[in-house]
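First the structure, in the form of structure tokens, and then the observations on it.
The values are calculated or read from the model by the stated rules, or taken from the named source; none is laboratory data. Bear in mind that the values here come from a model prediction, so they are computed numbers and not experimental data. Here the Cβ positions follow ideal geometry from the backbone for every residue, glycine too, while neighbour counts run over all protein chains shown.
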């Protein structure tokens, strides 16, 4: 076990180092110049642009050789300094991320967990149940194949504009200032519901179909037939099938959770919900090296942690992994 | 185990959801006192819960009923609160009355809230269309991010003058007056009685301090002014003298209404970094509004009740609060406008013409182009690349472009074709009609073909497109940044109509960064640009079109690198012409226009609109072309508050 973990951790550290290096390199290969882009937004006054360009290039530390920038980056990172955003100058990158990510967690965490739970349950239930397979599952296919943007706009239009039940923009009423009261909490939930529901629906369809197919595969496996031949009740057979079928779904779940910090770009745009996804897009379009680096740093950490969690989880939930590991250490 | 956790989680969410909906739809407790006749099964606790919002408030019912019993014996006398009889008449007091009898609050409040947390609709103006990202700073010297905190300049920090493009007049603002006492000296009188929002008076020392920041720090945008500005001195407390050597009058006067004054007593202790790059949270200015709060998608400004202009000029902006909303897409903005949730939207909303016709929204003009013109979309041609180094070819392109299709198809009539000189309608007096009549251009493919043929361009290989006189193939690209949908449509029209005239131009849409690099380093073929803001002087446009000298990176103009010393001299001459010498300005402009239309180094195509659509639901008296309402720029974009945006607010009226 210790050797297994030790090797895993070493691999993860190496992966982290490489991924962060690539994360640092890629924005610098993109065409464009962040400082020039930043100044071009201040269309008002042309006179000062030339002088200001030099000043801010120095201020962002972009005037030193590229290898020096790379070393500076690691040294700053180990001091916990992610730099200053160019796109949202002069806000520090860490603060930009900390301000935006809570909205995504609030939106994505319930959507991912609930859709995973409900989707798997439903998928397992629907498999080989004729009328469900024939009626509701096609709906799942339609849901998961729906272009998300389109579904979102449809929901916003139907429930927001036509019926007027739900608001179409913002994380809480534009007439409210955050405070603790039922009015405010009600407003937050009302604004949260449509974006949540759209994410939930699409993800639900995906999980349900995945689970259904997996269960059918497991029910065809030898051990299932063997159990059936022994006269085991249908419920028991399905229980064993479910335990095997859930394994890939756990991988999917943790990967989904790992990229939570990347936000939900399309949801944020369609429902004008604040979050980090939109900022990442803007950061890329504005060559904001520092914000891109910062966001992807957290995504890398998230994905690595999620993978690590899967490794651990498999040891716990899958006896075969456990056995294999023992065989290895023996 | 994990399944159960998930079930619980689901339950918690479901509960939260129902609670939230329940709280939103619960009826408010009664606002006035009422009598109640006891029915079988009633008890005081539930009655108090029902009518006063909390059980313990039953004591208020007991107290109020007993008190009334003293004067009116039809009411019951309650000796034992746990024993009431059917038929008894009780008095249930209103909330204020009830508070006298009980120490616990009548209506349950989760926490005491010190500040205003819900903005009444009738006191709040909702605007959108300026911001494209979360607020990042309130520093008036960081100009490029002010869109995200629009109002930092204009609502909080103010300028010495305002400018009204519709009447072409500088309006004295913080300054009471200003004049050139001789060719090299400008004297300015500051109003007496202006205070900063912290109560300190504004004096000439603040003006001198602000201007001298430009002398000290190169990163301050108006530092180039100090190339010809020698000194700024305070003459007493309320007068300022500017002394120059060979002043650029046009630039100086443009800056008069763009440089925001900051309080010396709060800024003199700041370091260079804080001044040029500080976020300046909680800004203290002199303006009509104060910073109240912000979050990822909004800024909230609250009216400054001690604003100087209320006392000195009798002006008071109608809305107590301005909530400036950033929508993530124009679709959402359109929805909010239709629902009447936004009072003034400065977003570009395609299709607004139909909504305006049907009366959903108001626009400045009732018919096309609906919007005022804000800036000129200019097609820059890279004059360093053949065949665009040939004036004849450039002129042929000008005649080949179907601007009418851009206006009608790409914009659905929301814009207007530009004057061939590129000057905005607000600066029309500087257009020389004789020059335009002789050298102007309009869509005329036959003429384009003729110019090409006369200059030796012909289709040698029979592919339908002309080749250069030396026989080389012509393949050009017209670009704009990806995602700028209106411009993407427009360059399609440009490419199609040029191809129809036999010029092989294709459209391409690189990302903003790549586009910007190509633009500033001069590697593009043809591209659109509109970086000259609405202005008090034609020099602003010409400074963009003919910026010089030509250097490695052209960050702010003359992207096509048109190199003509004669033109540069004319632009310099215009910059140095006093603004009261209108005839002199016209004469120089006429020469610039003649040279420009002959050489055609760039092609002005259409005027981008001052996108503005407003709703009469809550606020009225919006500016339109009608005679009985104000004529202003109804605009919340940064830089436009002092061009009419603020005055629009002072003229708004609450709808009845």
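Structure above, values below:
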{"item": "The range A:294-309, residues that are under 22 Å from residue A:76 (Cβ atoms) and in contact (Cβ under 8 Å) with a residue 60 or more places away in the chain", "result": "A:294, A:295, A:296, A:297, A:298, A:300, A:301, A:304"}
{"item": "Selection from the range B:432-463 of residues that are part of a loop (DSSP other than H, G, I, E, B) and over 36 Å from the mean Cα position of the chain (by Cα)", "result": "B:444, B:455, B:456, B:457, B:459, B:460, B:461, B:462, B:463"}
{"item": "Flag for residue A:149 being within 12 Å of chain B (Cβ to nearest Cβ), at pLDDT 90 or above, surrounded by fewer than 17 Cβ atoms within 10 Å (Cβ to Cβ) and not in a loop (DSSP other than H, G, I, E, B)", "result": "no"}
{"item": "Single condition residue B:140 does not satisfy, out of (1) facing another protein chain (nearest Cβ under 8 Å); (2) under 21 Å from residue A:49 (Cα atoms)", "result": "(1)"}
{"item": "Checking residue A:83 against (1) facing chain B (nearest Cβ under 8 Å); (2) crowded, with 20+ Cβ neighbours inside 10 Å; (3) closer than 25 Å to residue B:276 by Cβ, the condition it does not meet", "result": "(1)"}
{"item": "Some residue of the range A:233-242 being assigned to a loop (DSSP other than H, G, I, E, B) and over 29 Å from residue A:205 (Cβ atoms)", "result": "yes"}
{"item": "The range B:516-527, residues that are away from chain A (no Cβ under 11 Å) and buried (at least 23 other Cβ atoms within 10 Å of the Cβ)", "result": "B:524, B:526, B:527"}
{"item": "Restricting the range B:107-127 to residues that are more than 9 Å from chain A (Cβ to nearest Cβ) and modelled with pLDDT of 85 or more, the residue that is farthest from residue A:181 (Cα to Cα)", "result": "B:127"}
{"item": "Of all residues in the range B:218-237 being part of a loop (DSSP other than H, G, I, E, B) and under 23 Å from residue B:202 (Cβ atoms), the one that is nearest to the other protein chains (Cβ to nearest Cβ)", "result": "B:221"}
{"item": "Residues (within 20 Å of residue B:498 (Cα to Cα) and not in a helix (DSSP H, G or I)) located in the range B:406-415", "result": "B:411"}
{"item": "Breaking point among (1) within 30 Å of residue B:529 (Cβ to Cβ); (2) surrounded by 14 or more Cβ atoms within 10 Å (Cβ to Cβ), for residue A:29", "result": "(2)"}
{"item": "Given (1) at pLDDT 95 or above; (2) farther than 19 Å from residue B:275 by Cα, number of the condition residue B:199 does not satisfy", "result": "(1)"}
{"item": "Residue satisfying all of: in the range B:255-278; in contact (Cβ under 8 Å) with a residue 60 or more places away in the chain, touching a helix residue (DSSP H, G or I) at 6+ places or on another chain (Cβ under 9 Å) and facing another protein chain (nearest Cβ under 9 Å); surrounded by the fewest Cβ atoms within 10 Å (Cβ to Cβ) among these", "result": "B:277"}
{"item": "Counted residues, the range B:434-474 - those being loosely packed, with under 12 Cβ neighbours inside 10 Å and closer than 30 Å to residue B:540 by Cα", "result": "3"}
{"item": "Residue that is surrounded by the most Cβ atoms within 10 Å (Cβ to Cβ), among those in the range A:152-165 that are under 17 Å from residue A:264 (Cα atoms) and at the interface with chain B (Cβ under 8 Å from one of its Cβ atoms)", "result": "A:156"}
{"item": "Candidates A:105, A:112, A:97 - the one that is in a helix (DSSP H, G or I), more than 13 Å from chain B (Cβ to nearest Cβ) and within 30 Å of residue A:251 (Cα to Cα)", "result": "A:105"}
{"item": "Which numbered condition residue B:408 misses (of (1) without any contact (Cβ under 8 Å) to a residue 12 or more places away in the chain; (2) under 30 Å from residue B:582 (Cα atoms); (3) under 26 Å from the mean Cα position of the chain (by Cα))", "result": "(2)"}
{"item": "Of all residues making up the range A:201-232, the number that are in a loop (DSSP other than H, G, I, E, B) and surrounded by 12 or more Cβ atoms within 10 Å (Cβ to Cβ)", "result": "2"}
{"item": "Only one of B:604, B:634 that is touching a strand residue (DSSP E or B) at 6+ places or on another chain (Cβ under 7 Å) and assigned to a loop (DSSP other than H, G, I, E, B)", "result": "B:634"}
{"item": "Selection status of residue B:243, assigned to a strand (DSSP E or B) and more than 14 Å from every other protein chain (Cβ to nearest Cβ)", "result": "yes"}
{"item": "Any helices (runs of 4 or more DSSP H) falling wholly within the range B:295-374 and containing at least 3 residues that are more than 11 Å from chain A (Cβ to nearest Cβ)", "result": "B:308-312, B:352-357"}
{"item": "Scope the range B:90-106; condition surrounded by fewer than 16 Cβ atoms within 10 Å (Cβ to Cβ) and either modelled with pLDDT of 65 or more or farther than 19 Å from residue B:51 by Cβ (or both); matching residues", "result": "B:96, B:100"}
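Let's see how each residue does on (1) surrounded by 14 or more Cβ atoms within 10 Å (Cβ to Cβ); (2) touching a strand residue (DSSP E or B) at 6+ places or on another chain (Cβ under 6 Å); (3) modelled with pLDDT under 80; (4) within 14 Å of chain A (Cβ to nearest Cβ):
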position: B:8; (1), (2), (3), (4): no, no, yes, yes
position: B:11; (1), (2), (3), (4): no, no, yes, yes
position: B:22; (1), (2), (3), (4): no, no, yes, yes
position: B:27; (1), (2), (3), (4): no, no, yes, yes
position: B:34; (1), (2), (3), (4): no, yes, no, no
position: B:41; (1), (2), (3), (4): no, no, yes, no
position: B:49; (1), (2), (3), (4): yes, no, yes, no
position: B:60; (1), (2), (3), (4): yes, no, no, no
position: B:67; (1), (2), (3), (4): yes, no, no, no
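For (1) in contact with a strand residue (DSSP E or B) (Cβ under 8 Å, 6 or more places away or on another chain); (2) more than 9 Å from chain B (Cβ to nearest Cβ); (3) farther than 22 Å from residue A:136 by Cα, each residue gets a yes or a no:
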position: A:167; (1), (2), (3): no, no, yes
position: A:198; (1), (2), (3): no, yes, no
position: A:215; (1), (2), (3): no, yes, no
position: A:237; (1), (2), (3): no, yes, yes
position: A:244; (1), (2), (3): no, yes, yes
position: A:255; (1), (2), (3): no, yes, yes
